[in-house]
Amino acid sequence: MTRFVLTKILHAIITFVLSGIVIFFGVRLLPGDPALAMAGEEATPERLDAIRADLGLDQPLLVQFLKFLGSIVTGDLGDSTRTGLPVTSMIATTLPVTLWLALYAIVVAVVVGIALGMLAERYRGKWPEIGSNFIALLGLSVPNFWLGLLAILTLAVSLGWFPASGYVDVLSDPIRGIYYLTLPAVILGTSLAAVITRQTRASMIETMGTDYVRMARAKGLSRPRVLFRYGLRNSLIVLVTIVGLQLGGLISGAVVTERIFALPGIGKLTLDAVFSRDYPVIQAVVLVITASYILINLAVDILYSVINPQIRVNEDAK
């Protein structure tokens, strides 16, 4: 087990280093001049040169890259060229909003997806399966931005059940915080719930048709007990894969949802940084999102070995 975990951690570190290289040079390829964005169109060449020198953009790329690596090691990601605030404090303020939204969306998607998937397997060929498949198809087909606007128009503006925008810190006021995040989380988790529904249904159908399940039923175990003890448990590997990969996708893909519901999350920070060519913020945000992907994949790999020890044994044997 130790060798398996250490190997996965080493792979994660290598991936993070390579990602940092891609992020640094990729940001430099963005069109536009951050000095010009800061100083304005009427700025003199001397003023632009002074800003570039202050930001370190007049130095060779190799020197800038070494400073970038040093900032990652020390945790000092510099100051925003747009606001002048430390980048770490800006991320520390906005990242929790996105994390709460993504976690809430994951919970909604898992609960709804597993329930609909098990319902579809239990009533194959009947109207519950048809209804579950129809809901999953809608969730995969309807874009989140359109669904979000429709939800605001009907559930927030017309009916007044939910707030149309705004955010309340979940830790300071849990009830109001969850209330304000409910509608955005449901919208963000819709497509994931549809994927989980289809995968749960397919996995459960395959599992319930195996010999050991037939043997359990022949010994007198009730169908619900077999369904939860054998069917759902053996479907967890597929669900862990989907949830693990999609959690990182929800963190990075919450830009549209945060924009629609005016949430002060990492998505809004990213858009503002891109529009103003704020190199330090762009680098830091992409780096944080990349690190979240890597850490989530690492956790999923380790969780694999707990759910299915055969995976760990096969890796150790290589």
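Side notes on the structure shown:
- Region 69-104, residues that are among the aromatic types (Phe, Trp, Tyr) and over 14 Å from residue 266 (Cα atoms): 104
- From the list 290, 270, 241, the lone residue that is in a helix (DSSP H, G or I), farther than 24 Å from residue 27 by Cβ and under 16 Å from the mean Cα position of the chain (by Cα) is 241.
- On inspection, residue 136 qualifies as in contact with a Lys or Arg (Cβ under 6 Å, 6 or more places away or on another chain) and touching a residue at least 60 places away in the same chain (Cβ under 8 Å).
- Applying the set (1) open to solvent by 30 Å² or more (accessible area, probe 1.4 Å); (2) assigned to a helix (DSSP H, G or I) to residue 207 leaves exactly one unmet item: (1).
- Residue selection: residue 82 satisfies the criterion of being closer than 21 Å to residue 272 by Cα, modelled with pLDDT under 80 and touching an Asp or Glu at 6+ places or on another chain (Cβ under 9 Å).
- All of (1) in a helix (DSSP H, G or I); (2) within 19 Å of residue 190 (Cβ to Cβ) hold for residue 121 with one exception: (2).
- Tabulated pairs, region 45-58, first closer than 14 Å to residue 80 by Cβ, second open to solvent by 60 Å² or more (accessible area, probe 1.4 Å) and outside any loop (DSSP other than H, G, I, E, B), C-beta under 6 angstrom, 6+ apart or interchain: 51/38
One line per residue, one yes/no per condition, for (1) among the aliphatic types (A, V, I, L, M); (2) in a helix (DSSP H, G or I); (3) surrounded by 19 or more Cβ atoms within 10 Å (Cβ to Cβ); (4) out of contact with any helix residue (DSSP H, G or I) (no Cβ under 8 Å at 6 or more places or on another chain):
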site	(1), (2), (3), (4)
137	yes, yes, no, no
150	yes, yes, no, yes
168	yes, no, no, no
183	yes, yes, yes, no
190	no, yes, yes, no
198	no, yes, yes, no
203	no, yes, yes, no
212	no, yes, no, no
220	no, no, no, yes
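- Test result for residue 134, aromatic (Phe, Trp, Tyr) and within 20 Å of residue 107 (Cβ to Cβ): no
- Of the residues making up region 66-95, those that are assigned to a helix (DSSP H, G or I), touching a residue at least 40 places away in the same chain (Cβ under 8 Å) and of a type outside the set (Phe, Trp, Tyr) are 69, 72, 87, 88, 90, 91, 93, 94, 95.
- Counting only residues that are among the small types (Gly, Ala, Ser) and either touching a residue at least 40 places away in the same chain (Cβ under 8 Å) or more than 21 Å from residue 264 (Cβ to Cβ) (or both), region 150-173 holds 5 of them.
- Residue count, region 107-149 (criterion: of a type in the set (A, V, I, L, M) and closer than 16 Å to residue 258 by Cβ): 2
- Test for residue 252: is it modelled with pLDDT under 70, part of a helix (DSSP H, G or I) and touching a helix residue (DSSP H, G or I) at 6+ places or on another chain (Cβ under 9 Å): yes
- The combined condition, being at pLDDT 75 or above, open to solvent by 80 Å² or more (accessible area, probe 1.4 Å) and in the same structural domain as residue 256 (by the TED database), is not fulfilled by residue 97.
- The requirement of being surrounded by fewer than 18 Cβ atoms within 10 Å (Cβ to Cβ), over 23 Å from residue 271 (Cβ atoms) and at pLDDT 85 or above is fulfilled nowhere in region 59-68; no residue meets it.
The values are calculated or read from the model by the stated rules, or taken from the named source; none is laboratory data. These numbers were taken from a predicted model, which means no experiment stands behind them. In this analysis, Cβ positions are derived from the backbone assuming ideal geometry, glycine residues included, and neighbour counts consider all displayed protein chains. All accessible areas refer to the heavy atoms of the entire protein, side chains included, with ligands and DNA or RNA removed. Shrake-Rupley method; radii C 1.70, N 1.55, O 1.52, S 1.80 Å.
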